[in-house]
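Enquirer: Here's a structure for you.
Rule-based calculations on the coordinates, nothing more; no lab input. Treat the numbers as computed from the prediction; the structure is a model and nothing was measured. Glycine also receives a Cβ, built like all others from the backbone with ideal geometry; neighbour counts cover every protein chain displayed.
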């Protein structure tokens, strides 16, 4: 029998959290009484595949596999719609070269062994190694030899609700229920796009890159196992499931009187889980949580100015031209994010730079590079100095990956040397067998990933970018990505396994670049889309990739409010979306107006292969594409208003850091006992004094706002209103419904009526 590679089988598959691959076992851990689908990925033209299936008692059966294509639902789980990355997602499950068979129901707790035999049309054969399958079952009482403890939840635990998922050798999950009362609202779980109040819904907490349509799928880059519970009577409490592993939540969806929590455990013979319960006002609940996990530090006021970027601003000339246009049109900008600056292989060198390769992978200094006068970036230092002279801060794009796949032009000698050094010196995340992990996702597939769980590698990785800050004066980094760790059994240098370390990867990532900036005396301004518990202490966040639609606008507002409820202070979004055709003037200006009153105001556009028409989201380009003459003057008006708000935002962010009352917060924070606030889930308070209710519906000419108790002033008309009522006003395109507390109006009147 010839031993060759004809097929592949991985019981856990690629470990995409929401889709299965053709080479996996479904379910990975069946419960007793369930059948199992066994799949293989065909790596050759096969004539037949069989499975040798043996029970713990020695009973053997031969199962015959049939050809199988990827499940349509799984393909849909990766589809992001129109956009330059959508096709890559859909192809990542392995195409149609699969075979599968369904087993009889698994009945023996002792488990099963199985292996596959394959034959090609020309007679080549393969027999795989043996695989083990241990079925699980949910039990209320742990059997002898296994131990599990659940602590901290006692005062709100539903009697008899604790269950454990066990096999003969280990404890794999725990689930339990916390009591809910009629009318309870549950808000949190990190950044959530679909609903402010998750009551009546099911969700999970796992870091995941949902490329667009996050609201439709209920997935998020930035989950947390933490939430507030706000009662109909105004009573409030909260909980934190103290885990870094994946967790699942049934928030009164199955039974209205209970919140069922399910948490992955380590699978050993003795497992434990601790739950923190917090009582008090929502701000007190959040403070208790942040005391455990860390809180934001105050960032400089320039983060509150307008941020500008476009993925196709890929030359120094284009960057300069875009900033010149801002100046010429009197649209003030405070930050530019340059994405397309590098070779996108190691994300550490300017494209077109010439240099002598460092084959040992050691860091460069700026003096090591020569920049061709006719290249994309003829003088990066002069460019940064020029931008600084205009009062514009500069961020560069990053992802925590190093390419290994050859392109048509091959890989640069330097990136190959970097990869060799990463593996040789033990800086790569590793598979369970000790080999270097290669990214299983669809974006930068098969790339190496630095193990940022330890300071040694954080220093090694960021040293390669040190010259960008120390020599060129870069002010921050867009720490994009961070969701690439797939695999329950990956190995991290801090001793954690993938199932407990993967969610923390983006936290370590932002921390690494914040430390690099701090080393040079700069504020730790990282700009991330992914995170987990602990991300609160690390920089600025944006809501990730989304289309230019009204639905995405609404979902992004919800994302900002839910993120803030979990302690994310500095947050924004790609106003009006970054992907797809240029938004129409109404969507663009409504979104820009809303963003004036968010912690971070920024526009961005996706890479579109430089095809015409361009998809830049600059106001002048939107005006040109839409033919709407209002765009530039109204955007200018918003940008100047934002400039006048910087002092207020800086002051209020400082208050947030000191008090933990969110800068951008849903109304329940200040009015937990007011039932009306739940009818207006996309209104928010910005700092102490401003109530914001953006127009998020196409074609609206009037807009209704709920004013809670107190005295309020319409910032545009100066008209006073008594709280406890809904007020309606006309909404011209250059006005966002904003109301100021009467106490704050004397301080802020000049911001709105200069």
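Enquirer: Based on the alpha-carbon gyration tensor of the range 177-270 and its eigenvalue square roots a ≥ b ≥ c, which shape applies: rounded if a/c is under 1.5, prolate if not and a/b is larger than b/c, or oblate? Intermediate results must be reported in sequence, preceding the final value.
Expert: Details: a/c = 1.91, a/b = 1.16, b/c = 1.64.
Here the range 177-270 falls in the oblate category.
Enquirer: Length gain on complete extension for the stretch residue 321 to residue 129, per 0.36 nm per residue less the alpha carbon to alpha carbon distance? Working shown, then result.
Expert: Values: separation 192, 0.36 × 192 = 69.12 nm, distance 6.01 nm.
My answer for the length gained is 63.1 nm.
Enquirer: Mind sorting 711, 483 by how few other Cβ atoms lie within 10 Å of their own Cβ, fewest first?
Expert: Numbers: 711 15, 483 25.
So the residues, fewest neighbours to most, are 711, 483.
Enquirer: Please determine, in degrees from 0 to 90 and to the nearest 10, the orientation of helix 413-424 with respect to the longest principal axis defined by the Cα atoms of the chain, where the helix direction is its Cα long axis.
Expert: Approximately 60 degrees, to the nearest 10.
Enquirer: Over the chain, what is the relative contact order in whole percent, taking alpha-carbon pairs under 8 Å and six or more residues apart? Please report the intermediate quantities before stating the final value.
Expert: Working: 1756 pairs, mean separation 82.1, N = 754.
Across the chain, relative contact order equals 11 percent.
Enquirer: For the range 390-461, what class follows from the C-alpha gyration tensor (a ≥ b ≥ c being the square roots of its eigenvalues): rounded when a/c is under 1.5, otherwise prolate if a/b is larger than b/c, else oblate?
Expert: oblate
Enquirer: Ranked from highest to lowest mean number of other Cβ atoms within 10 Å per residue, what is the order of the peptides 136-147, 390-401? Before the final figure, lay out each step's value.
Expert: On the way: 136-147: 13.2, 390-401: 21.6.
Peptide ranking by packing, descending: 390-401, 136-147.
Enquirer: Only counting other Cβ atoms within 10 Å, I'd like 254, 595 sorted with the fewest neighbours first. List each step's numbers first, then the result.
Expert: Details: 254 11, 595 26.
The most exposed by this proxy come first: 254, 595.
Enquirer: Another question about this same structure. Using alpha carbons only, how many degrees (0 to 90, rounded to 10) separate the axis of helix 316-328 from the longest principal axis of the chain?
Expert: Here the helix axis deviates by roughly 30 degrees.
Enquirer: Got a sec? How would 739, 467, 509 order by Cβ neighbour count within 10 Å, fewest to most?
Expert: Values: 739 27, 467 19, 509 30.
Ranking 739, 467, 509 by Cβ neighbours within 10 Å, fewest first, gives 467, 739, 509.
Enquirer: Against the longest alpha carbon principal axis of the chain, how many degrees, from 0 to 90 and to the nearest 10, is the axis of helix 742-752 turned?
Expert: Helix 742-752 and the main axis of the chain meet at about 80 degrees.
Enquirer: For Cα pairs less than 8 Å apart in space and 6+ apart in sequence, what is the mean separation divided by the residue count of the range 592-734, i.e. the relative contact order in percent?
Expert: Numbers: 158 pairs, mean separation 24.9, N = 143.
Normalised by residue count, the contact order of the range 592-734 is 17 percent.
Enquirer: Here's another thing I want to ask about it. Sorted by mean Cβ packing within 10 Å, highest first, what order do the peptides 40-51, 716-727 take?
Expert: In descending order of packing, they fall as 40-51, 716-727.
Enquirer: Follow-up. Just how far, in whole angstrom, is the range 456-477 from the range 602-626 if you go by their alpha carbon centroids?
Expert: 30
Enquirer: Here's a follow-up. In angstroms, what radius of gyration and Dmax does the chain have, counting Cα atoms only?
Expert: Here Rg and the maximum Cα pair distance are 27.2, 88 Å.
Enquirer: Right, next: Highest mean first, what order results for 550-563, 196-209 on Cβ atoms within 10 Å? Intermediate results must be reported in sequence, preceding the final value.
Expert: Numbers: 550-563: 24.9, 196-209: 20.1.
Highest to lowest by the protection proxy: 550-563, 196-209.
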